[in-house]
Amino acid sequence: MIMEYYRLGRPINALAGVLAVFVSAYAAEPLSWWPVIAAALSVLLITVSTNAWNDYLDIEIDRINKPARPLPAGTISPKGALIFSIIGTALSLLIATLINLPAFLITVGANILLYLYSWKLKCTVLWGNITVALIVGLCFIFGGVAAGNTGPTLMLAATVFMAMMGREILKTMADYRGDLAQRCNTISTVKGKLVARRYTIMFLALSAVLMLVTYFVEQYSPVYLYLIIFGIYPILTYIAINTKSDASGEILEKNSTIMKYSFFIWYLAVVLGAG
């Protein structure tokens, strides 16, 4: 049963957000790491609780797109998922109070946005995508708030916002069949996968530009530049080429996964560049 709740919360999905807090805090040079650790734990709890809430609302869609998940598979009851989500949210707020008032307010806002996303905003054209991208960008601001210096995190937040917009739109292409069956409005189901592909490539290009701008604005060391040119840019190019409007859901999901893990290369670039 514990493993099923682990699968429900998908804490591995929170790894990017948790690392974002540490990376941005490192760039901001914190006086103490304890508030940063608390912020990272709060992000972890926000992620697992809202993942459970999302699955609670999306049981029918997941029966088509992801039938092996705990709720459509019947290994966890809807009531159990809801209680798990509420407890996780309460703990995230409690931990945020130990940091400072801005951190608490960010945590409140992030929880509200993510609950609204799963309830109302997910099946909208772009608004749901913007919400998720904004939340990931806030992870970098959150790290700066915990470190006591948000200045060095602003460009990082803007960069990851653009990258996440591209990935979120790519995911609407991957989930096209299930979303269409459930009449879930996304940019792919309303405007078509060809339009969604254009938006995906546009946001990937914007993120690539901002990565380069960050190098000059923050005056990172050359190792940052080498990693984005030889590590990130080839991956983004590969995704842009292989994200075709007639590609299968499996291929598009693979591209989304590749992009998710490419963030870790960028995190490394930021740490080494700022260091």
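The values are calculated or read from the model by the stated rules, or taken from the named source; none is laboratory data. The shown structure was predicted, so the numbers you read here are calculated from the model rather than taken from an experiment. Methodologically, a virtual Cβ is constructed for each residue, glycine included, from the backbone with ideal geometry; neighbour enumeration extends over all protein chains shown.
(1) assigned to a helix (DSSP H, G or I); (2) at positive phi: which one isn't true of residue 183, the others all being true?
(1)
Would you be able to tell me the number of residues in region 59-108 that are within 30 Å of residue 38 (Cα to Cα) and of a type in the set (Gly, Ala, Ser)?
8
Quick check on region 173-183. Is at least one of its residues under 19 Å from the mean Cα position of the chain (by Cα) and within 14 Å of residue 266 (Cα to Cα)? Even if it seems obvious, please write down each step before you answer.
Step one: list which residues in region 173-183 are under 19 Å from the mean Cα position of the chain (by Cα), which gives 173-175.
Those still in the list that are within 14 Å of residue 266 (Cα to Cα) too: none.
The answer is no; no qualifying residue exists.
Residue by residue through region 103-121, note down the ones that are modelled with pLDDT under 95 and touching a Ser or Thr at 6+ places or on another chain (Cβ under 9 Å).
Within region 103-121, 110, 111, 113, 114, 115, 116, 117, 118, 121 meet the criteria.
Would you be able to say whether some residue in region 136-149 is within 16 Å of residue 51 (Cα to Cα) and not small (Gly, Ala, Ser)?
For region 136-149, residues within 16 Å of residue 51 (Cα to Cα) and not small (Gly, Ala, Ser): present.
Taking only region 1-40 into account, find how many residues are more than 23 Å from residue 133 (Cβ to Cβ), modelled with pLDDT under 90 and among the β-branched types (Val, Ile, Thr).
Residues meeting the conditions: 1.
Which of the following residues is closer than 21 Å to residue 93 by Cβ and either over 12 Å from the mean Cα position of the chain (by Cα) or of a type in the set (S, T, N, Q) (or both): 40, 28?
Unique residue meeting the criteria: 40.
For the condition hydrophobic (A, V, I, L, M, F, W, C) and under 24 Å from residue 121 (Cβ atoms), what is the one hit in 14, 25, 68?
Criteria check complete, one pass: 14.
Checking the conditions here, which among 146, 158 is at negative phi, assigned to a helix (DSSP H, G or I), modelled with pLDDT of 95 or more and buried (at least 21 other Cβ atoms within 10 Å of the Cβ)?
Just one listed residue meets the conditions, 146.
Take the residues in region 194-233 that are over 20 Å from residue 271 (Cβ atoms) and either more than 21 Å from the chain's Cα centre (by Cα) or among the small types (Gly, Ala, Ser) (or both), then tell me which one is surrounded by the fewest Cβ atoms within 10 Å (Cβ to Cβ).
Among residues in region 194-233 that are over 20 Å from residue 271 (Cβ atoms) and either more than 21 Å from the chain's Cα centre (by Cα) or among the small types (Gly, Ala, Ser) (or both), the one surrounded by the fewest Cβ atoms within 10 Å (Cβ to Cβ) is 194.
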